[in-house]
Amino acid sequence: MPDAMVAARDSKAASGTAQQVDVAVVGAGFAGLYLLHRLRKAGFTTVALEEAGDVGGTWYWNRYPGARCDIQTIDYSYTFDPELETAWTWSEKYATQPEILRYLGFVADRYDLRRDIRFKTKVTEAKWDEAAERWQLATDNGARISCRHYIMATGCLSAPKPPEIDGVKEFGGEVYFTGRWPHGGVNLAGKRVAVIGTGSSGIQSIPLIAEQAAHLTVFQRTPNFALPAHNGPSPSDRMSLLQGDRAAYREQARQSMAGVPYPQQTAVSWQLSDAELRARFEEAWGKGDLVYILTQLWADQGVDVDGNKLICDLIREKIGTIVKDPETAAALMPHDHPFGAKRPCLDTNYYATYNRPNVTLVNLRQEPIKAITADGITTGKRSFDVDVIVFATGFDAMTGAIRAVHPITGRGGKSLYDVWAQGPQTYLGLTVEGFPNFFMITGPGSPSVLSNMAVSIEQHVDWVVDRLKALRDAGFTTVEPTETAQAGWGQHMADCATLTLHRLANTWYTGANVPGKVHALMPYTGGVGPYRSICDEVTSRGMLGFKLTGPDVAAQCNDGEVVRLQPDVRLVLNLLGQLNLPPIESMGALGARAFVDEFNKGRPAGRPIGAVTDGTLPGTDGPLPYRLYRPATPGPHPVVVYFHGGGWVLGDEQSDDPFCRDMVRRTGMIFVSVGYRHAPEHRFPTAAEDGYAATRWIAEHAAELGGQPSPVLVAGWSAGGNIAAVTCQLARDRGGPEIAGQLLVCPVTDCTFDRPSYNDNATGYFLTRSLMYWFWDLYCSPADRTDPRVSPLRGKVSGLPPAFVVTCEFDPLRDEGIAYADAMAAAGVPVEQLKARGHFHSSFTMADVIITGVSGRVQMAEALRRFAGLPPEVRRGDENSHGHASPGHKIAAAAS
Ligand code: NA7
């Protein structure tokens, strides 16, 4: 039904005076303005409803002293129109609030946007009208609105949080909120001022308030990490990059993780000397750039507590050198969250402000506020008489402006407030199941506040408007995500969250700042570039996860989850895909070995452990090399005989180095990685017999190797898992050695290729079916393949040591691994299985690359320790590496 007809019918049904538009937008900030511009260009009739008296969104309201952006302004700008970019020049590296507001006004004028904005108008209710397939909006100012699509461009930090402190109404002095600062400014000269809150708003305003006030008392609940902004003109290196190739600069931002054009850092902290770590930190500290220091120091800084703690210690050291009073300095040092897990701040003279004689810091952790009285603020220990209280207490972030502002009622009378009672659920952070034709810009589930908002906003707006255009052109009138797609996005969000350290902090990212709010990490942590590619994939796969309907077209629904891989697995596979590598099996054995050597050089070096030594052991036909990995803790340790992967053809005793090191740290055991001989030079049963002979020798010489005497344990990955499994069978049948347990990671266990995982994952997940065929052909003739020394599933599986069997969802070998585990269990062997969702064949051995593999390796290590009769916990012996120990640090125990 054409919109005009619907509109006519609807206006009779609802209100004769309803304003009829295709799309209604709430908000006239960065997102609302760009939406208006794009929608208008796409031929949609629109109206934007804005509570404020003018454009600007958050920059209209946040006028407190010192308010500035903290992403460099050249990056915090619209990029959709190159002419706009050259028509406006920012005066500073970090523009002030008035300048950003002027910019948004300039944009509104340039594109004549104000004519479609109803200012001083608040939506009081939004209701989906099922019959008309339109949203009906009520406002507090002027006509109702009937629209086909309803888009919330309400920002993430626009609903100020109440102060939650008793007695605010009793206070006789002036009260201000940083998020609602009076437009005429406030004269604080000569006054006794209290600031409550030390988030970004507090940290930006405190130095300026201190300059004006007779006395300033800062009430701090949680100290925050703040870095000097070193504001001034835009840095020349960034400017020349931008001006050198503007399009490339902008594109790099769009594909980056945070929406600012910085490359992905690859060096890991444990590869750097203390001097290099410090030099990198000092450089970042000198740059005054939040995104730089959050992403460019070392690759593990945002994903690993140890890598992160190095930065925390260095910042705490800086605070200690700036702030003269040791007690104040100590109170200002954050200890309860990793750097970056809570929004760090950019400041100008923040820490130095505490050296002023007219500034006092009150540590609310030691003396919480009891009440606000007529004269001031009373803590558990004392009273402070003040003339002015400034609440810099933050916002009901992400959901506040959507959930609580006005009732939003979707299909079947469902209220968004209720639907989100247990935390926000969205598809792509843009849409919600049960709420057709409803969109959010930078909603919960989008990269939003963990990114450069300008870049995310443009991406969201472009995606939404392009979709609306395409749907209109195809005759669809409603679009709504499916339950499956939304649940899948929730799962993907959770998977992404396990990668970062955000889970270790109580912040407004998780809703922890609002009493009673459900805790859930709300922004998408998977990065701006990956998010963009996911949105594009949704489109290219026929609006995957959306139901589309229209009066004259058949309904369409390509249901499904857009991301089923773990986020880091997806990134790795995409990178490998972009390399366009020839199939490994086309390289010949020597070429393939050279390729794997080269490939392995690109991995982060394994982590430091106690010692790594190389040696040889006597095999059946001569010496076999081995590499021994020893923990940093005092021995003797249990010994694990390890067999590397590589399809019996590739790899050597060093090729699973990062995995072995990681497992040594987690198990506290010695790993002896055996250099068994390879095909095609040495075909079946050489690898199996070498594996068994090596295990026998290692068990007999365990004490000489610094290990505990027998029993040993065995472990292996892929073809190495095959050798480990075979070794257990041979040891059982040939009179030893005694084996305490077996860890089989994605093992080859059988010679048939007809299980579903071989078909489901035949291509696209690095280990392909064709590569497995090649491995088998090089190692073993068809006549030998049913021999249990290569197909242990065909052998006797009872009487084997306890086993921990790991299989990965996207691995051709998945089903034969499960079959082997099931068969052993059925035969009475104690078996535990880890069926790793979203992982691929190499997930667990790519230690320090596939971070989502950590929990799996933790489980593997615990299993090995159980097999050896040890308690689950392990002292890694390197907690104090780099001399950065911090006893009592809450997150120390949460090492990844
Ligand atoms: P934030 O970052 O949420 O900061 C609010 C601050 O107020 C923070 O230090 C809070 O401590 C503190 N706070 C909140 N409620 C109370 C009560 N009841 N008592 C004492 N202290 C309290 O908001 P901002 O406005 O500073 O910054 C928001 C974002 O804007 C910022 O991250 C940038 O993205 C721009 P807490 O940490 O909760 O213990």
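Read-outs throughout are calculated quantities, based only on the coordinates presented, and are distinct from any laboratory measurement. Source: prediction; values computed, not measured. Neighbour counts run over all protein chains shown; Cβ positions are idealised from the backbone, glycine included.
Net charge within 13 Å of ASP621 by Cβ-Cβ distance, Lys/Arg positive one each and Asp/Glu negative one each, not counting ASP621 itself? Walk me through the numbers on the way to the answer.
Values: positive: ARG677; negative: GLU681, GLU689, ASP690.
Combined, the nearby Lys, Arg, Asp and Glu give -2.
So how many Å³ per residue does the convex hull of the Cα atoms of segment 215-339 work out to?
Hull volume over Cα atoms, normalised by residue count, gives 145 Å³.
Order by neighbour count: PHE684, PHE30, fewest other Cβ atoms within 10 Å first, most last. Present the calculation step by step, with values, prior to reporting the outcome.
Working: PHE684 19, PHE30 30.
Fewest-to-most ranking of PHE684, PHE30: PHE684, PHE30.
Mind pulling the angle between the C-alpha long axis of helix 769-779 and the longest principal axis of the chain? Nearest 10 degrees, somewhere in 0 to 90.
Once rounded, one gets 20 degrees.
Within a 10 angstrom radius of the beta carbon, how do LYS796, LYS342 rank from fewest other beta carbons to most? List each step's numbers first, then the result.
Details: LYS796 12, LYS342 25.
With the sparsest Cβ surroundings first, the list reads LYS796, LYS342.
What angle do you read, to the nearest 10 degrees and between 0 and 90, between the alpha-carbon axis of helix 305-322 and the longest principal axis of the chain?
50
Could you list SER415, SER240, SER269 so that the one with the fewest beta carbons within 10 Å of its beta carbon is first and the one with the most is last? Walk me through the intermediate numbers first.
Working: SER415 15, SER240 10, SER269 24.
Going from least to most buried by this count: SER240, SER415, SER269.
Which value, in debye to the nearest 20, describes the size of the charge dipole of the chain about its Cα centre when Lys and Arg Cβ atoms bear +1, Asp and Glu Cβ atoms bear -1, and nothing else is charged? Working shown, then result.
Values: 85 positive and 97 negative charges, 318 e Å.
For this selection, approximately 1520 debye.
Any chance you could run the full-extension gain for ALA42 through GLU276? It's 0.36 nm times the residue separation minus the Cα-Cα distance, nm to one decimal.
79.0 nm
Report the one residue of HIS492, SER718, VAL388 whose Cα lies farthest in the direction of the positive end of the charge dipole of the chain (charges on C-beta: Lys and Arg +1, Asp and Glu -1; origin at the Cα centre).
Checking the options against the dipole of the chain, the answer is VAL388.
Hey, how many Å between the Cα centroid of segment 754-812 and the Cα centroid of segment 442-495?
First find each Cα centre; the distance between them is then 40 Å.
Can you give the angle from 0 to 90° between the axis of helix 588-601 and the longest principal axis of the chain, with both taken from C-alpha atoms, to the nearest 10?
50
Any chance you could get the radius of gyration and Dmax over the Cα atoms of segment 433-560, in Å?
Looking at segment 433-560, its Cα Rg and Dmax stand at 15.8, 51 Å.
For the chain, would you read off the P(r) tail past 56 Å as a percentage of all alpha carbon pairs? Walk me through the numbers before you get to the answer.
On the way: 80785 of 400960 pairs.
The proportion of pairs with Cα distances above 56 Å equals 20 percent.
Along the charge dipole of the chain, pointing to its positive end and built from +1/-1 on Cβ of Lys, Arg, Asp and Glu, which listed residue (GLN97, VAL419, HIS406) has its Cα farthest out?
HIS406
Please enumerate, by chain and number, the aspartates and glutamates with C-alpha under 19 Å from the C-alpha of LYS287, excluding those fewer than 8 residues away in the same chain.
Cross-link targets: ASP70, ASP75, GLU92, ASP237, GLU276, ASP313, GLU317, ASP347.
Do the alpha carbons of any pairs in LYS120/LYS547; LYS93/LYS370; LYS414/LYS517; LYS191/LYS309 sit beyond 32 Å of each other, and which pairs? Please list the in-between numbers first.
Values: LYS120/LYS547 35 Å; LYS93/LYS370 41 Å; LYS414/LYS517 20 Å; LYS191/LYS309 40 Å.
Going by Cα-Cα distance, LYS120/LYS547; LYS93/LYS370; LYS191/LYS309 fall outside the 32 Å limit.
Read phi for every residue in segment 856-861 and hand back ³J(HN,Hα) as whole Hz from Karplus 6.51 cos²θ - 1.76 cosθ + 1.60, θ = phi - 60°, with x for Gly and Pro.
x, 5, 4, 5, 4, 5
Stretched out fully, how many nm does the piece from GLU598 to LEU581 gain, at 0.36 nm a residue minus the Cα gap?
Numbers: separation 17, 0.36 × 17 = 6.12 nm, distance 1.28 nm.
Extra length available between GLU598 and LEU581 comes to 4.8 nm.
Give, in nm to one decimal, the length gained when the segment between ASN231 and ASP325 is fully stretched (0.36 nm per residue of separation minus the Cα-Cα distance). Write out the running numbers ahead of the final one.
Details: separation 94, 0.36 × 94 = 33.84 nm, distance 2.63 nm.
Gain in length upon complete extension: 31.2 nm.
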